[in-house]
Amino acid sequence: MLGLASLAQNVKVTSFQDSLAILIRKAATHPELTLEQSDSLIALAKQQNDAKLLASLKLSKGTAYSFLGNNSKALEYQMSAYKIFDSINDQTGKTITLLNISYSQLHLHNYKKAKDYLLQTLKITDPDNDKLLMSIYGNLGTACTELGEYEEGIAYYKKALVHYQQSDNPDARALMYHGIAVAHSKLMNQDLAESYYYMGLDYQKEGNSDYVLAGLALSLGELYLDQNQLELSKKYFDIGGEAAFNYNSPYYIEIYYKNLVNWYKTKGNYKAAFKYHEKLTSLKDSIYSLEVVKSNNELEEKFQNELKSSEIQLLKTQKDLATARVEKNKFWALILILITILCITVIVVLYQNYKGNKKSNELLRLEKIQLAERNRLLESENILVQFETLRTQVSPHFLFNSLNALTSLIKTDTEKALKFTKEFSKIFRNTLELKSKNIITLKEELDHVNSYLYLQRMRFDSNLEIKIAIDSNFLNHFLPPFSLQMVIENAIKHNTITSESPLHIKIKATQDFLIITNNLQTRQVTEDSTKTGVKNIISRYQYISDLEPTFEVKNNQFYVKLPLIKE
């Protein structure tokens, strides 16, 4: 076996990332040996003033502490290593250190923190670095699954598998299949979960890792326990427990104890469950340094209460037998009265429930009819606005002005002509893509409007001035599609726009409204208009919000307020 001292020297050889990965892997598989040798090697690195070697050794020591369950020490050394790598601007070292900090957070069950570290690591990782990406994606899968984000977890595990396919590491692939199986189990896809567990076990046989076997077997046992297949679940708990003890993994030993507690509780053997619960509590105290014994006391109390309940039931039965002859007639009369009262009560309750359910069903039916009618009307309004928007965009005026501007640009500025063509096509594409939606985000509407405004600015140049001042907090609020565009179209249609009388349009957002203002300089003759835009906007808001849009003139300014929908 290659010793730690020899491995430390290899940090300087050809691939620093590969050497550091070997160093950390040895720290994970032989943590005690790593701790025995690390202090002298760290002192040597300090003496030689080798910062990279010093950081690498501290990181491996942190890894060893993590796998021994001392996560506070692990984080201390890992964060110290990160500071050193950062001071020498070693990006690879920083990336691998962040990855190992996320391991410790996973061990501490701080899954949100672990996910944050992993996403931070992903941002600074070279997209061609398969070895790092497969570890990052795999651990993101674990963090997401533990956070209840099962679909996201499965997606990350599958990304990791893509990278693992290019490696010869069967244990790593087994871990990914394990993670996918756990996520599917949480999603209640039990058959799919079972198949992934067995795929993982097949790969584990190639790698023969006790660490991987412990995780797969214990999780498979949990699956069978949920299905009440007690003997099969116990078989895999025993396999997983043996592997956990062989690897000396406190985390899998913890899971093993927890599963045995649940297994014995299911069997009704609270005495055995209490025994393993004590072991679990002791182990968790050593890992997490917690003094809380509430769950242990609850289990003991439940066990004691079960014993007392059995004794009370026995005494009650004996008393009932002793007094049965004396109180027989009275007893049966009382029982008959109680049964009669109970039957009457049940009949009354059932009848009331029947009437209540009938009334509720009728109300629900009416509500469904009203909702269907509202949806039908809203769809009709959407069809009208889609037609109005498309009609505006294919109107002779719009096409003539746009194509005329494009012709001029082709002659004078090819780059602007290409940009103009792109925005021109984007307007029509947006109309098709957004047409089926009843509401869209303000960001989507602004993206569409910016394309429309680009063409209008080419047409009117500096005579059309648009100021948009919207905080990013409002971009995820909602409004009907094309509503802002229709307001801007109306302003352009109905107002004079010249160098002597430029049109100023301002757009801003408040907590509840999108506010659009323009200086009022009404045209004598306006472009073609169906005069349905304002009515359509007001009509569509009636179906999606209690707030109403407003249109008014104040101080020679035209004000429009469009309600923003937060959810």
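The values are calculated or read from the model by the stated rules, or taken from the named source; none is laboratory data. Since this is a predicted model, take the numbers as computed values, not measurements. All Cβ positions, glycine included, derive from the backbone under ideal geometry; neighbour counts span all protein chains shown. When the accessible area is computed, the model is the full protein with side chains, heavy atoms only, and any ligands, DNA or RNA have been set aside. Shrake-Rupley method; radii C 1.70, N 1.55, O 1.52, S 1.80 Å.
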Report the FRET efficiency, 1/(1 + (r/R0)^6), for L432 and T498, where r is their Cβ-Cβ distance and R0 is 35 Å, rounded to 0.05.
0.55
Quick check on my link table: of K508/K561; K26/K52; K235/K258; K26/K258; K73/K159, which ones sit more than 21 Å apart, alpha carbon to alpha carbon?
K26/K258; K73/K159
Starting from the amide H of L564, placed 1.01 Å from N in the peptide plane, find each other amide H under 5 Å away whose residue is 5 or more places distant or on another chain.
F513, L514
Sequence neighbours fewer than 8 away in the same chain don't count; with that in mind, list the lysines whose C-alpha is under 30 Å from K355.
K368
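Please work out whether the range 207-285 counts as rounded, prolate or oblate from its C-alpha gyration tensor, where a ≥ b ≥ c are the square roots of the eigenvalues and a/c under 1.5 means rounded, while otherwise a/b larger than b/c means prolate and anything else oblate? List each step's numbers first, then the result.
Working: a/c = 2.57, a/b = 1.20, b/c = 2.14.
Oblate is the answer for the range 207-285, as a/c is 1.5 or above yet b/c matches or exceeds a/b.
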May I ask you to compute the full-extension gain from Y543 to D447, defined as 0.36 nm times their residue separation minus their alpha-carbon distance, rounded to one decimal in nm?
32.1 nm
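Short version: what are the Cα gyration tensor semi-axes of the range 404-550, square root of 5 times each eigenvalue, largest first, in whole Å? Working shown, then result.
Details: eigenvalues 138, 75, 46 Å².
Rounded to whole Å, the semi-axes are 26, 19, 15.
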With every protein chain left in place and a probe of 1.4 Å, what is the accessible surface of D168, to the nearest 10 Å²?
140 Å²
Quick check on the range 460-529: of the DSSP beta bridges with both residues there, what percent are antiparallel, nearest 5%?
50 percent
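Specify whether the C-alpha gyration tensor of the range 168-246 places it in the rounded, prolate or oblate class, a ≥ b ≥ c being the square roots of the eigenvalues: rounded for a/c under 1.5, otherwise prolate if a/b is larger than b/c and oblate if not.
Details: a/c = 2.35, a/b = 1.21, b/c = 1.94.
In terms of gyration-tensor shape, oblate.
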Simple spin-label estimate for L406 and L119 in nanometres, 7 Å along Cα-Cβ:
4.1 nm
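How would M188, M134 rank on accessible area, largest to smallest, probe 1.4 Å? Walk me through the intermediate numbers first.
Numbers: M188 135, M134 25 Å².
Per-residue accessible area, sorted high to low, gives M188, M134.
Run the numbers for L232 and N353: contour at 0.36 nm per residue of separation, minus the present Cα-Cα distance, in nm.
Details: separation 121, 0.36 × 121 = 43.56 nm, distance 4.45 nm.
The span from L232 to N353 would gain 39.1 nm if fully extended.
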With every protein chain kept in the model, how would you rank F245, F424 by accessible area, 1.4 Å probe, largest at the top?
F245, F424
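Which order, highest average first, do 29-36, 448-455 follow once you tally other Cβ atoms within 10 Å for each residue and take the mean per peptide?
Numbers: 29-36: 17.0, 448-455: 19.6.
In decreasing order of mean packing, 29-36, 448-455 become 448-455, 29-36.
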Starting from 0.36 nm per residue, how many nanometres of slack lie between I344 and N476 once their C-alpha separation is accounted for?
41.9 nm
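Where Lys and Arg each count +1 and Asp and Glu each count -1, what net charge lies around G148 among other residues with Cβ under 13 Å from its Cβ? Walk me through the numbers before you get to the answer.
Values: positive: K112, K115, K186; negative: E146, E149, E151, E152.
In short, -1.
Rounded, prolate or oblate: pick one for the range 94-180, where a ≥ b ≥ c are the square roots of the eigenvalues of its C-alpha gyration tensor, a/c under 1.5 means rounded, and failing that, prolate if a/b is larger than b/c, else oblate. Mind dumping the intermediate values first?
Numbers: a/c = 1.65, a/b = 1.13, b/c = 1.46.
Note, shape of the range 94-180 comes out oblate.
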